[in-house]
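Computed from the coordinates by the stated procedures, all read-outs in this text should not be read as laboratory data. Remember, predicted model here, so these are calculated numbers, not experimental data. Cβ placement follows ideal geometry from the backbone for every residue including glycine, while neighbour counts extend to all protein chains displayed.
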């Protein structure tokens, strides 16, 4: 049997802090128990690194810790709940698609505004771009309500 990996090595490989690794262990995010050596130090294996990498991508994509915990519970239970796991993944997939759509729309707006600024800067008409008309509209709206 190989010596395994220390918590520091896993932290370096996964780019998670030692604190985060301990937190994931406490929260039931890991699919297997963390083994200990004869001195009581955590010993991880490649499968732990692979799982933590998946969990990191889940987190990056916005999956909540309770959802990751539920998915991990299903994995720990073993064969027979694959449809439940798939349902979690598909639900999250739809959420991520929605986030991508919203980000794409935001990016389109940012590109439009940047292009407008570039054009107005190039032709010398950028002074007060939107701030003056926005401020004027805001002042007019305030005057009407008072």
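Brief remarks on what is shown
- Note on region 77-120: Rg/Rh from Cα positions, Kirkwood definition for Rh, rounded to two decimals, is 1.45.
- Acute angle (nearest 10 degrees) that the helix 82-122 long axis makes with the longest principal axis of the chain, alpha-carbon atoms: 30
- Efficiency of FRET between residue 60 and residue 87 - r from beta-carbon atoms, R0 22 angstrom, step 0.05: 0.55
- Helix 46-60 vs. the chain, principal-axis angle (Cα, 0 to 90°, nearest 10): 20
- In terms of the mean number of neighbouring beta-carbon atoms within 10 Å, the peptides 96-109, 45-58 order highest first as 45-58, 96-109.
- Summed over qualifying helices (DSSP H, 4 residues or more, each -39500 (n - 2.57)) and divided by its residue number, the chain shows a 222 nm mean residue ellipticity of -23000 deg cm²/dmol.
- Taking the C-alpha atoms only, the angle from helix 131-145 to the longest principal axis of the chain is near 80 degrees.
- Global form of region 9-53, assessed from the alpha-carbon gyration tensor, a/c cut-off 1.5: rounded
- Whole-angstrom gap from region 38-109 to region 1-24, using each part's C-alpha centre: 18
- Over 17 Å [Cα-Cα, region 1-78], rounded percent: 41
- 5 Å binning of all Cα-Cα separations within the chain, expressed as whole percents from 0 upward: 2, 8, 12, 13, 10, 9, 8, 6, 6, 7, 7, 6, 4, 2, 1, 0
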